[in-house]
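All remarks here apply to the structure that follows.
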Amino acid sequence: MTNPDLSALLPASIAARVSSLTLKDRRALAVLDVSGMGDQERKDISAAITDILSAQDTVDDVRIAMTAERKTRQLIAIGSGKGGVGKSTLTANLAVALARKGRKVGLVDADIYGPSQPTLLGNYGQRPEVSEDKLVPVASKFGVPVLSMGHLIDAGRAIAWRGPMAGKALTQLIDAQWGDAEVILVDLPPGTGDVQLTMLQKFKPAGAIIVSTPQDLALIDAARAGQLFDEAEVPVIGLVENMAGYACPHCGELSDPFGKGGVETAAGRLELPFLGRIPLHMDIRQSSDAGTPPAAGDSAQAAPFLAIAEQLDAWLCANV
Ligand SMILES: Nc1ncnc2c1ncn2[C@@H]1O[C@H](COP(=O)(O)OP(=O)(O)OP(=O)(O)O)[C@@H](O)[C@H]1O
């Protein structure tokens, strides 16, 4: 039974974490909920409890038992049939937008052969630490921790791994110290090969988003990506059209270099939700390259990403 006299000695922030505190034969036993805490935080809170309790005349010894709620952490895969359609750009911006909404979100760059998230999230050149044999995700200034092969290999070095090596690398990125992250967005490699299928089967995401540009070839590949998710029994949350509608920076005239509306039509045909359209805009390319995702700001370019993140958030609320 909890000892009210001892409990009253603990500051409220610590007491909120102590689910039981008993005193028997001059030994205090505190059961501490450490869900979501890192190593240092656990050590600090344990030391604080030990200091406070051992200062009491009635206590000779303090024992602390740590418990953690099993986190239900969900993976959301962002995939595309074709490369270069803006999958990584969308993933980074959705993660930033979800973090702005208060979600605890992490990001895995599963594009082992062409990692771009360290550049997009502005933490290129940083290395993840290792704790208890697992990687600790690298923080970004947008509140989104991230792990990418780009954090582990030297700049410009090509990775020429066969499937099993890539699979092992991916396992390390996903099975890492994600702390209190409740959602992890996974930026999948482009295409629909064995690596993607194995990854989806091994780390089954709760749902997937497919990105495509509007031209026919990209759409055929996007449909194939849909089949890949079907095969892996991963529900498709919806399709996103990227690089639709180009506004000329000189005259403002709108044109559609890759066509427009094709993804929405394809979504209808495939009976999948259409989540939204992101225009082709120079600012998106420039701010992405500079490591400041548009979704972190309030420009016109942020709006489509924030709107798609709203829908993802609603899907997470309804399905997870
Ligand atoms: N809506 C957009 N407007 C302007 N540029 C964009 C837009 N979306 C993406 N880009 C740019 O297009 C390029 C490819 O985007 P990105 O790397 O996100 O694609 P990807 O599908 O992840 O590619 P990969 O196949 O290499 O993984 C990048 O230079 C990016 O800045």
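Rule-based calculations on the coordinates, nothing more; no lab input. On a predicted model such as this, the values are computed, not experimentally measured, just so you know. Neighbour counts run over all protein chains shown; Cβ positions are idealised from the backbone, glycine included.
Over all directions, what mean area does the Cα convex hull of segment 188-235 project, stated in square nanometres?
Hull-based average projected area comes out at 3.1 nm².
Taking H as built 1.01 Å from N, whose amide H comes closer than 5 Å to the amide H of I237, not counting residues under 5 places away?
The answer is A208, I209.
Mind checking the full-extension length gain between Q286 and S54? Use 0.36 nm per residue of separation minus the Cα-Cα distance, one decimal, nm. The partial results should precede the final answer.
Details: separation 232, 0.36 × 232 = 83.52 nm, distance 5.75 nm.
Value of the extension gain: 77.8 nm.
I want to verify the translational diffusion coefficient of the chain in µm²/s; compute it with Stokes-Einstein, Rh as the Kirkwood radius over Cα pairs, at 10 °C and 1.306 mPa s. Can you show the working numbers first?
Numbers: Rh = 21.5 Å.
Estimated via Stokes-Einstein, D reaches 74 µm²/s.
So what's segment 209-320 giving for Cα Rg divided by 2.2 N^0.38 Å, two decimals?
On the way: Rg = 14.9 Å, N = 112, 2.2 N^0.38 = 13.2 Å.
Rounded to two decimals, the normalised Rg is 1.13.
When the helix-only estimate is applied to the chain (DSSP H runs of n ≥ 4, each -39,500 (n - 2.57), divided by the residue count), what is the mean residue ellipticity at 222 nm, nearest 500 deg cm²/dmol?
Details: 11 runs with 114 residues, N = 320.
Taken over the chain, the calculation gives -10500 deg cm²/dmol.
Could you tell me the relative contact order of the chain? Use alpha-carbon pairs under 8 Å, at least six residues apart, and round to a whole percent.
On the way: 608 pairs, mean separation 59.5, N = 320.
Computed value for the chain: 19 percent relative contact order.
Counting each pair of different Cα atoms once, what's the Kirkwood radius of segment 1-116 in Å, rounded to one decimal?
Working: mean 1/r = 0.0568 Å⁻¹.
So the Kirkwood estimate lands at 17.6 Å.
From Cα pairs below 8 angstrom and at least 6 apart in sequence, can you work out the relative contact order of segment 67-121, rounded to a whole percent? Walk me through the numbers on the way to the answer.
Numbers: 20 pairs, mean separation 14.8, N = 55.
27 percent.
Looking at segment 217-277, which GluC sites (Glu not before Pro) are DSSP coil and have at most 11 other C-beta atoms within 10 Å of their C-beta? Can you show the working numbers first?
On the way: sites: E231, E233, E241, E253, E264, E271; in loops: E233, E253, E271.
Answer by residue number: E233, E253, E271.
So what is Rg over Rh here for segment 4-67, counting just Cα atoms and using Kirkwood for Rh? Let's see the in-between values first.
On the way: Rg = 10.9 Å, Rh = 11.7 Å.
Using Cα coordinates only, the ratio equals 0.94.
Between the alpha-carbon centers of segment 257-320 and segment 23-71, tell me the distance in whole angstrom.
Using only Cα atoms to place each centre, the spacing works out to 46 Å.
If I model a spin label at Y113 and C317 as a point 7 Å from the Cα along the Cα→Cβ vector, what separation in nanometres do I get?
A separation of 4.0 nm, rounded to one decimal place.
Looking at the chain, identify the longest residue range that excludes and avoids all trypsin sites (Lys or Arg not before Pro) in DSSP loops having at most 13 other Cβ atoms within 10 Å. Please list the in-between numbers first.
On the way: sites that count: R26, R70, K101, K141, R157, R162.
That would be 163-320.
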